[in-house]
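**Q** Just passing along the structure, written as structure tokens.
The values are calculated or read from the model by the stated rules, or taken from the named source; none is laboratory data. Keep in mind the model is a prediction, meaning the values are calculated, not measured. With ideal geometry, Cβ positions are generated from the backbone for all residues, glycine too; neighbour counts draw on all protein chains shown. In case anyone asks, the SASA skips ligands and DNA or RNA and just uses the protein heavy atoms, side chains included. Shrake-Rupley method; radii C 1.70, N 1.55, O 1.52, S 1.80 Å.
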Amino acid sequence: MNWWRRLWRRKQMEQQLEKELRFHLEQHANELIAQGYNPEQARRRAKLALGGSEQVKEQCRDARGTRWVEDLLQDIRFALRLLRNNPGFAAVVLLTLALGVGVTTVMFTVVNGVLLKPLPYPEPNRLVTVHGHTETWNSQIYGEQNVAYPDFLDCQRESRSLEIAGTLYNGATLSEPGQPEYVDLREISSNLFSVLGVKLAQGRAFLPEEDRRGAGPVMILGYSFWQQHFAGNPEVLGTSAVLDQKRYTVVGIAPAEFRLYGDEADLYTPLGQDTAAYLQNRAVHPTAIVARLRPGATLANAQAELSLVGHHLAEEYADTNGGRTFVVKPLRPPVDDVRSTLWLLLGAVSLVLLIACANVASLLLARAVSRERELSMRVALGASRGRLVRQCLTESAVLAFAGGAFGVLLAALGIGPFLTLWPGSLPRAQEVHLDWRVMLFAIVVSLLSGLLFGMAPALRAPARGLEQALRAGARTIEGTARHLHGTFVISEIALAVVLLVAAGMLGRTLLRVSALHPGVDIRNVLVTRMALSPGVLADPGKIRPAWQDVLSRASRVPGVQSVAIVDTVPMREGNNQIGYWTSADVPPANRRPVALATSVSPDYLKVMGISLRRGRFFNDQDRMGGELVVVIDDVLAQNAFGEQNPIGKRLWMPDMDYGPFTVVGVVGHVRHWGLAGDDQAQVRAQFYYPFSQLPDQSLRRWSELMSVVARTNLAPLSVVDSLRHEVRGVTGDQVLYEVRTMEQLAHGTLARQRFLLLLFGIFAGLALLLACIGIYGVMAYLTGQRVPEIGVRMALGASPVDVIWLVLRESIGMICVGLGVGLFGAVAAAHLLEHLVEGVRRADLSTLAIMIPVLVIAALLASFVPARRASRVDPMTALRQE
């Protein structure tokens, strides 16, 4: 406390110190006068005895313990004064730093919100998820297993370590109030919100007695759905809505932006009220489980407990649960598909920041060299080397904090556009905003940047050779400074090479994959999901005629040439991966090859424009009761049958619960995973099977997945309203949703590549600009220091061309070294891009042949300006400068 008091009262203490020194001086002088000295002699002897007053003051200040703070404040004031006196220099440095810190802060803000922030629930570290596990399950292809609903109930009842809740993805048709529409539905157990520790925005959660069959139907509205469809009216509580022909009572409103697994649901209903037969089947695993560790419980306790439950279930239900257990893992946000992209971008902007730091370091070094006489004078007057280093670092820190402040401002302005440009929906985008973590990051980055670019001029603070430094003119420059300048330029060029080559690779990749044939004719094809009438879905006998009626009605719409139905559409989210074998001796599931299965109607090949290579496609005779048939693509034909003719061969697929199937045709491969991603996909083989041969017990589930695809002779989106009106059905509650064109889907598969190309192009452009500014600044400075030498050369007969070549030769040397170093970094970046970005191949000579000359030409142009200026130096004027 005394330390702070001494610091804040230093002006008062300075006055007291002055009075005390004056008192001691006068007291001693009076004693000398009493001894017989005249007043003038007495004052002189008193001053000699006391010592220099300023030295005494310095000693007293040191004794207070606040000297370093006072020095720091003095250095800060001095730094601000220097910046005020050099506005051009300050503007260039601050702008460079603001760009570097700004783009880095934008990327860290996104990384922080998406990847680093904990889940937005109380005590998120106690939240876990429970997955099913069997040794034969290929989780690398299929992902983590969910849990059968009866198994979920057993785990919920038997667990003492976990409070367990379940969720189920679904969809339904909301027919009242308003026009019929398809909604995103989550069926949840009654305790889901309490397990997560989430309070509803309005109303209440489901009661335990409502989470069972026969209970009164109730629903909770999603917050966005409530705002959009009910204008945020709280009086909606207690009203009713008709969902899948059943009337529900609205009892609550979910909190704003509540997203458990990435998407915000429209409606929530009790999971226990669902009477679907598959929910009672332990062989079907649709239920996702989220749980919270009870007080005192650990992850190991929960795992041991559920492993025991799984063992008991495997013994009791050996036919469905044999070899099956449960795995407990910490709950993590679903961000795996963007994780690598975000880290890649953060690494790229870090290179831009390093280039900015090298640029500023070069400018500060040039200013330090020009201030060498000033710093030498300070040393001669008693300043220590440490004191000079602190002063230089303080000046750098002031610049860094000012640049960082402007950078944070740029980041605040740039986050919105970045999120808008992101292809598709960014997971956890609602969590992306400036917070204390981002501000701390910006401060740390600014401090480290200040240390980085302030170290070079600080280390040049003179400690010896003072006489030479004081006598030297302002235009002397040592080899050390020249080497440091060269090092900074080489670093900037090397980093710029990495970003330019990366941008070139992405651009070349985009050009290459854009030219690939997707395997379908994407022109004039409309794709839309469709929800049949809930009344139709409730009666399996009506489903096949209903789909036939949809096809018949859709084909009558003006502008529609042909129409089909399909469960999974190429280049759109969703796939069905099935293991197959070529004989009845089928191996275990984890050893079977896997193919993409697609259920279609006969005109699908015609609608999509897929080429028929051998045999035939489906026709109206391929129905239930007839021979079970499939059509395979040429990838599956090669994998399964090699060079043999696959027509007439058979395939066994135990996961489909019926078969075997006879191959009747071979079609061309379709890039289901997108133009860029299909070549690297783990599962590429494809087969098609008739929707008309699906067993009755599968019809309802498959009908919930089906889409309508139509080839048109008009702009596809222009027929949507007519098509929607035509297929709405007798009851008017058949709905089309998620309407797209195949061109949009194909274009969307390259959205991330285009986004990365845009950002890397911006980063590479910034890097090139900063590198050129750095080269220009260094060459202009070095050339300015050599004006007397150039004057002598020209006086001895050197021509302007000789002078230009003299300057460019030095620049070319730095550029070549920078290119050599940068190419090693570019090779590493190429390997990284190849693994992280779909479709990227290793950089070849063509990429280097395009991007390297761009950098070399830009760097030479930046060097030519100071070289040309040097060639116009008047020899007599240059010689007089000495």
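**Q** Looking at (1) assigned to a strand (DSSP E or B); (2) within 30 Å of VAL536 (Cβ to Cβ); (3) open to solvent by 20 Å² or more (accessible area, probe 1.4 Å), find the lone condition where GLY214 falls short.
**A** Of (1) assigned to a strand (DSSP E or B); (2) within 30 Å of VAL536 (Cβ to Cβ); (3) open to solvent by 20 Å² or more (accessible area, probe 1.4 Å), only one is false for GLY214: (1).
**Q** For segment 218-231, check the following and say yes or no: at least one residue is touching a residue at least 12 places away in the same chain (Cβ under 8 Å), among the small types (Gly, Ala, Ser) and either in a strand (DSSP E or B) or surrounded by 20 or more Cβ atoms within 10 Å (Cβ to Cβ) (or both).
**A** yes
**Q** Could you tell me which of the residues LEU551, LEU526 is outside the structural domain of PRO646 (by TED's automatic domain parsing) and open to solvent by less than 40 Å² (accessible area, probe 1.4 Å)?
**A** Of the residues listed, the single one that is outside the structural domain of PRO646 (by TED's automatic domain parsing) and open to solvent by less than 40 Å² (accessible area, probe 1.4 Å) is LEU526.
**Q** Mind checking which helices (runs of 4 or more DSSP H) fall wholly inside segment 84-182 and carry at least 2 residues that are over 30 Å from LEU409 (Cα atoms)?
**A** 139-142, 149-158
**Q** Would segment 84-92 turn up any residue that is open to solvent by 10 Å² or more (accessible area, probe 1.4 Å), more than 16 Å from ARG339 (Cα to Cα) and under 17 Å from the mean Cα position of the chain (by Cα)?
**A** Taking every residue of segment 84-92 in turn, none turns out to be open to solvent by 10 Å² or more (accessible area, probe 1.4 Å), more than 16 Å from ARG339 (Cα to Cα) and under 17 Å from the mean Cα position of the chain (by Cα).
**Q** Here is a follow-up. In segment 645-675, which residues are modelled with pLDDT of 90 or more and of a type in the set (A, V, I, L, M)?
**A** Matches in segment 645-675: ILE647, LEU651, MET653, VAL663, VAL664, VAL666, VAL667, VAL670, LEU675.
**Q** Spot the failing condition for GLU163; the list is (1) open to solvent by less than 50 Å² (accessible area, probe 1.4 Å); (2) touching a helix residue (DSSP H, G or I) at 6+ places or on another chain (Cβ under 7 Å), and only one is missed.
**A** GLU163 satisfies every listed condition except (1).
**Q** Answer with yes or no whether GLY296 is in the same structural domain as SER159 (by TED's automatic domain parsing) and loosely packed, with under 13 Cβ neighbours inside 10 Å.
**A** Spelling it out, GLY296 is indeed in the same structural domain as SER159 (by TED's automatic domain parsing) and loosely packed, with under 13 Cβ neighbours inside 10 Å.
**Q** Within the bounds of segment 178-193, is there any residue that is free of Cβ contacts under 8 Å to residues at least 24 places away in the same chain, within 27 Å of GLY310 (Cβ to Cβ), open to solvent by 10 Å² or more (accessible area, probe 1.4 Å) and more than 34 Å from the chain's Cα centre (by Cα)?
**A** no
**Q** Okay, moving on. Could you list, in sequence order, all residues of segment 326-338 that are in contact with a helix residue (DSSP H, G or I) (Cβ under 9 Å, 6 or more places away or on another chain) and more than 17 Å from ALA288 (Cβ to Cβ)?
**A** VAL338 - this is the single residue of segment 326-338 that is in contact with a helix residue (DSSP H, G or I) (Cβ under 9 Å, 6 or more places away or on another chain) and more than 17 Å from ALA288 (Cβ to Cβ).
**Q** Name the residue, out of ALA828, ALA795, ALA764, that is outside the structural domain of ALA98 (by TED's automatic domain parsing), open to solvent by less than 30 Å² (accessible area, probe 1.4 Å) and of a type in the set (Gly, Ala, Ser).
**A** On inspection, the qualifying residue turns out to be ALA764.
**Q** Count, please, the residues in segment 831-852 that happen to be buried (at least 21 other Cβ atoms within 10 Å of the Cβ) and without any contact (Cβ under 8 Å) to a residue 60 or more places away in the chain.
**A** Qualifying residue count for the region: 0.
**Q** Another one. Can you tell me how many residues in segment 301-331 are under 35 Å from the mean Cα position of the chain (by Cα) and free of Cβ contacts under 8 Å to residues at least 60 places away in the same chain?
**A** Selection size over segment 301-331: 1.
**Q** Of all residues being in contact with a Gly (Cβ under 8 Å, 6 or more places away or on another chain) and of a type in the set (S, T, N, Q) in segment 298-353, which is nearest to LEU116 (Cα to Cα)? Just the residue, please.
**A** Checking each candidate, the answer is THR325.
**Q** So which residues in segment 234-256 are of a type in the set (S, T, N, Q) and farther than 18 Å from SER533 by Cα?
**A** Selection gives THR239, SER240, THR249.
**Q** Looking at (1) assigned to a loop (DSSP other than H, G, I, E, B); (2) of a type in the set (Asp, Glu); (3) over 44 Å from the mean Cα position of the chain (by Cα), which one does ASP549 not meet, given that it meets all the others?
**A** (1)
**Q** Within segment 238-257, work out how many residues are in a loop (DSSP other than H, G, I, E, B), at pLDDT 90 or above and in contact with a Gly (Cβ under 8 Å, 6 or more places away or on another chain).
**A** Going through segment 238-257 one residue at a time, the tally reaches 1.
**Q** Now, a different point. Would you pick out the residues in segment 418-435 that are under 17 Å from THR104 (Cβ atoms) and of a type outside the set (A, V, I, L, M)?
**A** The answer is PHE418, HIS433, ASP435.
**Q** Looking at segment 732-809, what helices (runs of 4 or more DSSP H) fall wholly within it and have at least 2 residues that are under 25 Å from the mean Cα position of the chain (by Cα) and of a type outside the set (Phe, Trp, Tyr)?
**A** The qualifying helices (runs of 4 or more DSSP H) are 742-748, 751-785.
**Q** Kindly list the number of the only condition in (1) open to solvent by less than 20 Å² (accessible area, probe 1.4 Å); (2) of a type outside the set (Gly, Ala, Ser); (3) touching a Pro at 6+ places or on another chain (Cβ under 7 Å) that fails for ARG752.
**A** (1)
**Q** Of everything in segment 236-257, what is open to solvent by 10 Å² or more (accessible area, probe 1.4 Å) and under 24 Å from SER425 (Cβ atoms)? Give them in sequence order.
**A** PRO255, ALA256, GLU257
**Q** Search segment 566-600 for residues being in contact with a Ser or Thr (Cβ under 6 Å, 6 or more places away or on another chain) and part of a strand (DSSP E or B), and hand back the single one that is surrounded by the fewest Cβ atoms within 10 Å (Cβ to Cβ).
**A** Within segment 566-600, the match that is surrounded by the fewest Cβ atoms within 10 Å (Cβ to Cβ) is VAL566.
**Q** I've got another one for you. For ALA288, which of the numbered conditions (1) open to solvent by less than 60 Å² (accessible area, probe 1.4 Å); (2) farther than 18 Å from GLN145 by Cβ; (3) at pLDDT 90 or above; (4) within 31 Å of the chain's Cα centre (by Cα) fails to hold?
**A** Exception for ALA288: condition (2).
**Q** Do we have THR320 as among the hydroxyl-bearing types (Ser, Thr, Tyr) and at pLDDT 90 or above here?
**A** no
**Q** Can I ask one more? Within segment 190-211, count every residue that is in contact with a strand residue (DSSP E or B) (Cβ under 8 Å, 6 or more places away or on another chain) and farther than 25 Å from PRO120 by Cβ.
**A** Qualifying residue count for the region: 1.
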